[in-house]
Amino acid sequence: MKTFSLRGRLIIALSLLLALMLSILPLPDVITPFRPDWLLLTLIYWSIALPHRANVGTAFVVGLLHDLLLGSVVGVHALALVIPVYLAASQFQRMRNYSVWQQAFVIAALAILNKLLIFWAAYMNRDIQLDYHYFWSIVSSMVFWPWVFLLLRNARRQFAIS
């Protein structure tokens, strides 16, 4: 039983590491505003599927790593990930009963919250203006959610993570 636990933790950690790498992957300037929030999608999936394994603490640690990788103010992405993950984890039974496309709309609402928290922290740190390009990633996160959901669900079933 211990090997399953260790293997499950390893798969979750690898998926979060892959999401971190995808979130810092350099893209052309034309595509950059459309980059989905891979880290948020992955954390929300794991908090819905296995709330006892990936939860607010996981989101906080991964958010701090994300801050360090981006060179931003420490704690900004941690806060912006903790609140949506908490909301998703607190309603995980309800979220499981939604279809994938209904879940995509909930993901869009959580991604809006994530983006607004990041903008608020950046606005408090330095005076910046809100640009409409900032919100394109919400649409792409919503569109990519079904594929992220299916990919991670297949990984969870294949490796028997519980």
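Couple of notes before you dig in:
- If you go through the range 27-48 and keep only what is within 13 Å of residue 148 (Cα to Cα) and either among the charged types (D, E, K, R) or surrounded by fewer than 16 Cβ atoms within 10 Å (Cβ to Cβ) (or both), you end up with just 37.
- Test result for residue 78, within 22 Å of residue 150 (Cα to Cα), among the aliphatic types (A, V, I, L, M), modelled with pLDDT of 95 or more and surrounded by fewer than 23 Cβ atoms within 10 Å (Cβ to Cβ): no
- Any hit, the range 123-131, residues being part of a helix (DSSP H, G or I) and closer than 23 Å to residue 13 by Cα: no
- Restricting attention to the range 44-71 and to residues that are in a loop (DSSP other than H, G, I, E, B) and without any contact (Cβ under 8 Å) to a residue 12 or more places away in the chain, the residue that is farthest from residue 120 (Cα to Cα) turns out to be 52.
- Some residue of the range 54-69 being in contact with a Pro (Cβ under 9 Å, 6 or more places away or on another chain) and not acidic (Asp, Glu): yes
- Identity of the residue in the range 83-95, more than 14 Å from residue 120 (Cβ to Cβ) and of a type in the set (A, V, I, L, M, F, W, C), that ends up surrounded by the most Cβ atoms within 10 Å (Cβ to Cβ): 85
- For first residues located in the range 137-162 and farther than 19 Å from residue 17 by Cβ, partners that are hydrophobic (A, V, I, L, M, F, W, C) and not in a helix (DSSP H, G or I) and lie 6+ apart or on another chain with Cβ distances below 9 Å form the pairs 162/50.
- Residues located in the range 1-26, provided they are surrounded by 17 or more Cβ atoms within 10 Å (Cβ to Cβ), among the polar types (S, T, N, Q) and over 22 Å from residue 112 (Cβ atoms): 15
The values are calculated or read from the model by the stated rules, or taken from the named source; none is laboratory data. This one's a predicted model, so the numbers in the text were calculated from it and none came from an experiment. Neighbour counts are summed over all protein chains in view; Cβ atoms, including those assigned to glycine, are modelled from backbone coordinates with ideal geometry.
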